[in-house]
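Below is one structure, written out as structure tokens; the observations come after it.
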Amino acid sequence: MTTQTEDGVIINLERKINESYDIIIGSELFPGIAQDLVLLKDESKISKFAIITDSKVGPLHAVRLESCLIEQGLDCRTFSFKAGEKNKNMDTVTRLLNQLGEAKYNRDTLILALGGGVVGDTAGLVAALINRGVPYVQIPTTTLSQADSAVGGKTGVDLPAGKNLVGAFKQPLRVYMDVATLDTLDDRNYRAGLVEVIKHGIIQDTNFFDYLEQNMDRILAKDKEVLIYLAKQNSRIKGTVVEKDPNEKGLRRILNYGHTAGHAIETLSDYELLHGEAIAMGINVAGTIAYLSETGFGPEDLGRQNRLLERLGLQIRIPQHITNKQIIEKTASDKKAASGKVRYCLPSGIGDMMEFDGVYSMPIEANLVVKAIDMCR
Ligand code: GLY
């Protein structure tokens, strides 16, 4: 109830929100997804389904998913945009919003984000905006999106000033991780996405890190049993962090390990480097800063971290054409650089991150960052 005061009125909007959701993990899930959506339609106000995908994933998977939904009698259409991080921007969002608006996708819409991180982030933002918000389901089809971006409700797009500078926290209604979709993923993207898996081991779970060291060959061979295990462990690790801090006030920052320098390197490469490739370099930088800062992350930890990254066949050394000055300037414009100070999340060992007065990142002097970058060349 509103309250009258001497100066005006107080709108009392305290409310409890339940944003819990299931992550369903398996292989060959599309027919089951369609059946689930029939049940969802029957028990909710949802009656129209919009698959949002990109030009790469569309022919591989969207055609099949759309057919499964149509076979179940659901009203479904696919909306696609040009693949690539360069298209994760407001132009794409505006185009999709216009297409959905013209096709009369109203408040009874469910959006299905089918693809990698770019699709999930963009489609999630469209879901947050259209008709002031409609539910969406994540169906990640890459190692990167299955390990990281499909869970946790971060949606958003890039601005010329930096990565993910526009967005909203909007949790999905459900996530379907179908490891069979990884069969069509090219080797470069497959390996790059696994960087986020290694990140999870370093920030939270030493046993998981050991498992990755022992099973990397089976992971690279796309062993389905191992992939399902990975998806479950990633969802558990990330889910535990997101449950405690959904809106990144503190703990969730640990998920940004390697992303401060990594995002800068990704942008400075003009997106020639894939997200995971740049994050591998960023993890090298952040691990080196931790080592130089004597957080407890010693040379042995740094060596184990970097060896595992290199087993993915990834380059962890920063390309010479990206200068120290550029990285320092770019990180300063990153949204995590509160009050002009550039904050880094730092491990204190494999499986543990440093906490600084309830905050999980700390401002680092530019000269120390430069020293670390030089060691990563
Ligand atoms: N990818 C980092 C996060 O979801 O918070």
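The values are calculated or read from the model by the stated rules, or taken from the named source; none is laboratory data. These figures come from a predicted structure and were not determined experimentally. Every residue, glycine among them, receives a Cβ derived from its backbone with ideal geometry; neighbour counts consider all protein chains shown. These area figures cover heavy atoms from the full protein model, side chains too; ligands, DNA and RNA do not enter into them. Shrake-Rupley method; radii C 1.70, N 1.55, O 1.52, S 1.80 Å.
Remark: pairs (first residue in the stretch 352-366, within 17 Å of Thr331 (Cα to Cα); second residue surrounded by 14 or more Cβ atoms within 10 Å (Cβ to Cβ) and of a type in the set (Asp, Glu); Cβ separation under 8 Å; 6+ apart in sequence or on different chains) are absent. In this structure, Met216 does not qualify as open to solvent by less than 10 Å² (accessible area, probe 1.4 Å), under 15 Å from the mean Cα position of the chain (by Cα) and at pLDDT 95 or above. In this entry, Asn131 is excluded by the filter for residues that are more than 27 Å from Thr267 (Cβ to Cβ), touching a residue at least 40 places away in the same chain (Cβ under 8 Å) and over 20 Å from the mean Cα position of the chain (by Cα).
The combined condition, being open to solvent by 70 Å² or more (accessible area, probe 1.4 Å) and not in a strand (DSSP E or B), is fulfilled by Leu60. Suppose we filter Gly250, Gly276, Gly239 for residues that are surrounded by fewer than 18 Cβ atoms within 10 Å (Cβ to Cβ) and either in contact with a Leu (Cβ under 7 Å, 6 or more places away or on another chain) or at pLDDT below 95 (or both); which single one remains? Result of the check over Gly250, Gly276, Gly239: Gly250.
Is it fair to say Gln146 is within 15 Å of the ligand (Cβ to nearest atom), closer than 18 Å to Glu248 by Cβ and open to solvent by less than 50 Å² (accessible area, probe 1.4 Å)? No. Condition check: closer than 28 Å to Ile228 by Cβ, within 20 Å of the chain's Cα centre (by Cα) and touching a residue at least 12 places away in the same chain (Cβ under 8 Å). Does Lys56 satisfy that? The answer is yes for Lys56. Exactly one residue out of Leu97, Leu69, Leu37, Leu114 is in contact with a strand residue (DSSP E or B) (Cβ under 6 Å, 6 or more places away or on another chain) and in a helix (DSSP H, G or I): that is Leu69. Pairing each residue of the stretch 169-185 that is within 22 Å of Gly239 (Cα to Cα) and open to solvent by 10 Å² or more (accessible area, probe 1.4 Å) with any residue that is of a type in the set (A, V, I, L, M) and in a helix (DSSP H, G or I), provided the two are 6+ apart or on different chains, yields C-beta distances under 6 Å for Lys170/Ala128.
Note on the stretch 299-324: residues that are free of Cβ contacts under 8 Å to residues at least 12 places away in the same chain and not in a helix (DSSP H, G or I) total 2. Checked against the criterion of being aliphatic (A, V, I, L, M) and free of Cβ contacts under 8 Å to residues at least 40 places away in the same chain, the stretch 277-290 has at least one qualifying residue. Selection of the stretch 341-362 for residues being assigned to a strand (DSSP E or B) and either out of contact with any strand residue (DSSP E or B) (no Cβ under 9 Å at 6 or more places or on another chain) or among the charged types (D, E, K, R) (or both) yields Arg343, Ser348, Gly349, Asp352.
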